[in-house]
Amino acid sequence: MNGAKQKIEKMIESYGKLVFSICYKMTSDYFAAEDLTQETFLSVYGNLDAFGGENEKAWICKIASNKCLDYLKKAERRSIPTEKEYFLEMAKKEASPEEKYVEGEERERILALCRSLKPPYGEIAEYYYYKGMGVEEIAKRLGRNKKTVQTQIYRAKALLRKIYRREE
């Protein structure tokens with residue numbers, strides 16, 4: 001067990017930046033790349049005993065690219081068509097009173113969860129998740145560095161995830 005821990009630590013130290021850059025190039029999403037890098041090394045750790053040891057760099061890169069491909073396939077299924085007619089049709093459809101109520105309740109729940117976070121994460125989460133503002137817009141409004149805002153959003157997401165899991 002101790003040998004496996006040392007081996008994975010050495011791999012993360014040696015290949016962590018490489019794996020992140022692969023994930024970032026494939027997804028063009030900083031936060032997804034961070035998550036996929038972590039998932040890659042979790043897979044590596046879980047399959048250490050199955051690895052033959054011939055070319056660990058290629059093996060790790062292959063796992064990373066497969067994780068990214070899986071992520072992109074899922075993202076593709078979640079994507080919304082961008083044809084003008086589709087959006088015109090969607091604009092015509094009005095939500096039922098029940099749908100409006102549920103949406104309002106969910107938005108209020110999101111706002112309450114965001115406001116339950118300690119500064120600066122509550123404010124960042126409210127702007128990002130409740131008001132739907134982008135990173136650049138938040139950074140400009142708060143007078144902060146874009147990278148700082150990205151990091152705070154990432155941390156707020158993790159905190160919200162913990163709260164949400166506790167509630168379930």
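The values are calculated or read from the model by the stated rules, or taken from the named source; none is laboratory data. Bear in mind the structure is a predicted one, so any value in this text is a computation, not a measurement. Virtual Cβ from ideal backbone geometry, glycine too; neighbours counted across all protein chains shown. SASA here: full protein model, heavy atoms, side chains in, ligands and nucleic acids out. Shrake-Rupley method; radii C 1.70, N 1.55, O 1.52, S 1.80 Å.
Remark: pairs (first residue in region 1-21, under 15 Å from D35 (Cα atoms); second residue open to solvent by less than 50 Å² (accessible area, probe 1.4 Å) and of a type in the set (S, T, N, Q); Cβ separation under 7 Å; 6+ apart in sequence or on different chains) = G16/T37; V19/T37; V19/T40; F20/T37. Evaluate the following for K67: is it in a helix (DSSP H, G or I), of a type outside the set (S, T, Y), modelled with pLDDT of 75 or more and open to solvent by 80 Å² or more (accessible area, probe 1.4 Å)? Taking the combined requirement at face value, the residue does not satisfy it. Looking at A33, A91, A75, A95, just one residue is at pLDDT 75 or above and among the small types (G, A, S), and that residue is A33. Filtering region 107-166 to residues that are part of a helix (DSSP H, G or I), crowded, with 17+ Cβ neighbours inside 10 Å and without any contact (Cβ under 8 Å) to a residue 12 or more places away in the chain leaves only A139. The set of residues in region 35-51 being assigned to a helix (DSSP H, G or I), under 21 Å from Y71 (Cα atoms) and open to solvent by 50 Å² or more (accessible area, probe 1.4 Å) consists of Q38, E39, L42, Y45, G46.
Looking at the structure I just gave you, is E56 open to solvent by less than 70 Å² (accessible area, probe 1.4 Å) and at pLDDT below 90? Spelling it out, E56 is indeed open to solvent by less than 70 Å² (accessible area, probe 1.4 Å) and at pLDDT below 90.
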